Amino acid sequence: MKLIMKSIILASIATIFSCRGERWDDDLTLPKQGYEGNQLRIDGYYFNESDGRTQVFFYFRDGVVLEAGAVLNSNISFAEQEFMNGIYYNHAINYKYKWGRFIINGTTIKAELWKPNTGPWEAYTSEGIVLNDTTFKMTKTWRSCKPKKVREYEEIYHFKKLAPKPDSTNRYTN
C-alpha cells in the first residue's frame, strides 16, 4: 500500500511540475482566441522562400494557424491547387504538428505549434513583428514549456491571396 501511495504522490508531483498533458504531449500555452484585428490579412497564406523551398502558413479568424510545410518553389502552383480543392486539408487533419494557435497584440505576433519528433509532441512558440498587413518577420523561437533556450533568427513572411483556403477545423487546437 505504501508503494502505491508513493507512486501516486510522485506521479502527481511530476504532473504538477511538467507542462505535458496526460498523453505526455505538451499542451499549447497560447490561449485560443479569435483574431478580430486588421494587422494582417488572412484571406490567403503567408510564405517564406529559402533554399529553393517555400514555407507556407495559413492564419484563420478563429486564432488557428495551419502549417502547410515547405513546398519546392517549382511546385507551389500544384500545392495551391491542393490547398484550394481540399486535398491538403484532408491530409493535414490527421497530423497534430500541422496545427497551432496564434495571437497578435499590437505589432507582436506569436504562433505556437507542435514540432514532430520521435517522442512526445513538443510545443514551440515563435515570436515576431508585424511590419504591415501583408508582411511579418519572425525573430525568435523557444520551447513553450521550457523557454530557457531562445533561438534568434530572421524570417520574413509575405502574403499571397488564395481562395478558398483550407478549413481551420481540427481536433488539436480546441
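Overview of values
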quantity: Test: residue in the stretch 43-52 that is farther than 16 Å from Lys96 by Cβ, modelled with pLDDT under 95 and not acidic (Asp, Glu); calculated: yes
quantity: Residue within the stretch 65-86 that is in contact with a Ser or Thr (Cβ under 7 Å, 6 or more places away or on another chain), at pLDDT 95 or above, surrounded by 15 or more Cβ atoms within 10 Å (Cβ to Cβ) and within 21 Å of Leu162 (Cβ to Cβ) present; calculated: yes
quantity: Residue in the stretch 74-97 that is under 17 Å from Ser144 (Cβ atoms) and under 16 Å from the mean Cα position of the chain (by Cα) present; calculated: yes
quantity: Filter result for Asp167 (touching a Phe, Trp or Tyr at 6+ places or on another chain (Cβ under 8 Å) and surrounded by 15 or more Cβ atoms within 10 Å (Cβ to Cβ)); calculated: yes
quantity: Test: residue in the stretch 114-122 that is part of a strand (DSSP E or B) and closer than 15 Å to Asn170 by Cα; calculated: yes
quantity: Some residue of the stretch 130-144 being buried (at least 16 other Cβ atoms within 10 Å of the Cβ) and not in a strand (DSSP E or B); calculated: yes
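Okay, residues lined up against (1) under 22 Å from Thr29 (Cβ atoms); (2) free of Cβ contacts under 8 Å to residues at least 12 places away in the same chain; (3) among the aromatic types (Phe, Trp, Tyr):
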residue: Val64; (1), (2), (3): yes, no, no
residue: Met84; (1), (2), (3): no, no, no
residue: Ile104; (1), (2), (3): yes, no, no
residue: Ala123; (1), (2), (3): yes, no, no
residue: Cys145; (1), (2), (3): yes, no, no
residue: Tyr153; (1), (2), (3): yes, no, yes
residue: Thr173; (1), (2), (3): yes, no, no
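The values are calculated or read from the model by the stated rules, or taken from the named source; none is laboratory data. Since the structure is predicted, the reported quantities are computational estimates derived from the model, not experimental observations. Glycine gets a Cβ as well: all are built from the backbone with ideal geometry, and neighbour counts include every protein chain shown.
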